[in-house]
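Peer 1: Dropping a structure here in structure tokens format, bear with me for questions.
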Amino acid sequence: MTYSLTITHLYPDHLNLYGDTGNLIVLRRRCQWLGIDCTVKALTMGDRPTPGETDLYFMGGGQDNDQVAVVDDFHGRKYDTIKADTEAGAVFLGVCGGYQLMGNTFLMGNGEETRGLGIINVDTRAPGSEVKQRCIGNLIAEILPALYQQMLSLYTQPKAIPHTLVGFENHSGQTYLGAGVEPLAKTLVGFGNNASADYEGARYKNVFGSYMHGSLLPKNPHFADLLLGLALRYRSGDSTLTLPSLADREELAAHQYVVEQYHA
Ligand code: GLN
């Protein structure tokens, strides 16, 4: 049986820092390798999504100004459909500025608060006087047990996957998780959600946020497979659907290199 997925890239012309579009290249290529028909659509200012069409939404990072620029368009043209899709189980991944934007509110460095997209119950505030530093550098975090088990459950044959996620962060915004939202991983190196938290990322249903830029899916093939597997389960209605495992030699070597270099 041939599976099909529709991936929607939100605001690719406004939100794309540090190679975040590389995540789309990974999803498209893994679909090709796995024999999944994959259509990638761009949805930007002025466009309206088609209800029920998208299996996986992706939104990259951006500067504060880029984030503010898309908020009214999102609420005016996209919110109803995307909220309904994600509440029904469609997958959504937001990275850094995209992750901040998915939340309820975003208090910018200039003191102005803007509303977020309202897709996940998190809030982000730029640092006050107590946090002067940007969160910048390599980020390594240990995947929480329930999420790790779910990752394993997505493979048809047992696959040895890393216990870690690795990436690069660069943000001033500090994100705080609200009720009903779980972090993805415990921070081992770097910061993650905020400078005083021990955790990185967020999850609500199949909505995921992460501070890991460009290298998120290229260097974490197990996370890419999680997104694809959940999107296929959502589309097919089969909650036991599994994926064949790819060899991932280069991907896992790149992952391991980061762990060995920066986490003694
Ligand atoms: N504007 C956000 C911040 O600096 C996010 C920047 C980014 O996506 N790297 O907090």
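Bear in mind that the values in this text are calculations on the coordinates, not laboratory data. Here the structure is a predicted model, which means the values were calculated and not measured. We place every Cβ from the backbone using ideal geometry, glycine too, and count neighbours over all the protein chains shown.
Peer 1: When ranked by the protection proxy of mean other Cβ atoms within 10 Å per residue, highest first, what sequence do the peptides 237-249, 220-232, 23-35 form?
Peer 2: 220-232, 23-35, 237-249
Peer 1: Another question about this same structure. Expressed in whole Å with the largest first, what are the equivalent ellipsoid semi-axes of region 202-264 derived from the C-alpha gyration tensor as the square root of 5 times each eigenvalue?
Peer 2: Semi-axis lengths for region 202-264 are 25, 16, 8 Å.
Peer 1: Please report Rg (one decimal) and Dmax (integer) in Å for the Cα set of region 19-169.
Peer 2: 17.3, 52
Peer 1: Right, next: For residue 113, what is the net charge nearby, where nearby means another residue's Cβ is under 11 Å from its Cβ and Lys, Arg count +1, Asp, Glu -1?
Peer 2: 0
Peer 1: Continuing with this model, one more query. In square nanometres, what is one fourth of the surface area of the convex hull spanned by the alpha carbons of the chain?
Peer 2: Mean projected area for the chain: 13.0 nm², to one decimal.
Peer 1: Taking the chain as a whole, which cysteines find no other cysteine Cβ under 4.7 angstrom from their Cβ?
Peer 2: 96, 135
Peer 1: Put +1 on the Cβ of each Lys and Arg and -1 on the Cβ of each Asp and Glu in the chain; which of 62, 31, 192 then has its Cα farthest toward the positive end of the dipole?
Peer 2: Projecting each Cα onto the dipole axis, the largest value belongs to 31.
Peer 1: May I ask you to compute the full-extension gain from residue 28 to residue 44, defined as 0.36 nm times their residue separation minus their alpha-carbon distance, rounded to one decimal in nm?
Peer 2: Answer, rounded to one decimal: 3.8 nm.
Peer 1: Pulled fully out, how much extra length does the chain show between residue 163 and residue 246, if you take 0.36 nm times their separation in residues and subtract their Cα-Cα distance?
Peer 2: 28.1 nm
Peer 1: Moving on to the next point. Please arrange 45, 59, 108 by counting, for each residue, the other beta carbons lying within 10 Å of its beta carbon, fewest first.
Peer 2: Least crowded to most crowded, the residues run 45, 108, 59.
Peer 1: Can you order the peptides 156-168, 183-195, 90-102 by their average number of other Cβ atoms within 10 Å per residue, highest first?
Peer 2: Taking the mean over residues of other Cβ atoms within 10 Å, the ranking is 90-102, 183-195, 156-168.
Peer 1: Further, regarding this structure: Straight distance only, please: which lysines reach the Cα of residue 205 with their own Cα at less than 16 Å, same-chain residues fewer than 8 apart left out?
Peer 2: 83
Peer 1: Straight-line reach from residue 186: which aspartates and glutamates have Cα under 13 Å away, leaving out those fewer than 8 places along the same chain?
Peer 2: Here the aspartates and glutamates satisfying the reach criterion relative to residue 186 are 142, 198, 200.
Peer 1: Per DSSP H run of n ≥ 4, the term is -39500 (n - 2.57); total these for the chain, divide by its residue number, and report the mean residue ellipticity at 222 nm rounded to 500 deg cm²/dmol.
Peer 2: -9000 deg cm²/dmol
Peer 1: Shifting gears a bit: About its Cα centre, what dipole magnitude does the chain give when the only charges are +1 on Lys and Arg Cβ and -1 on Asp and Glu Cβ, stated in debye to the nearest 20?
Peer 2: For this selection, approximately 380 debye.
Peer 1: Between residue 156 and residue 114, what is the FRET efficiency for a Förster distance of 41 Å, r being their Cβ-Cβ separation, to the nearest 0.05?
Peer 2: For residue 156 and residue 114, the calculated efficiency is 0.40.
Peer 1: A follow-up question, please. Work out how far the C-alpha atoms of region 1-94 reach from end to end along every principal axis, then list the three figures in whole Å, largest first.
Peer 2: Principal axes ranked by extent give 43, 30, 19 Å for the Cα atoms.
Peer 1: Length gain on complete extension for the stretch residue 262 to residue 88, per 0.36 nm per residue less the alpha carbon to alpha carbon distance?
Peer 2: Going from the current span to full extension adds 58.8 nm.
Peer 1: When the distances between all Cα atoms of region 159-202 are binned every 10 Å from zero, what whole-number percent does each bin get?
Peer 2: Once binned at 10 Å, the Cα pair distances of region 159-202 give 26, 53, 17, 3.
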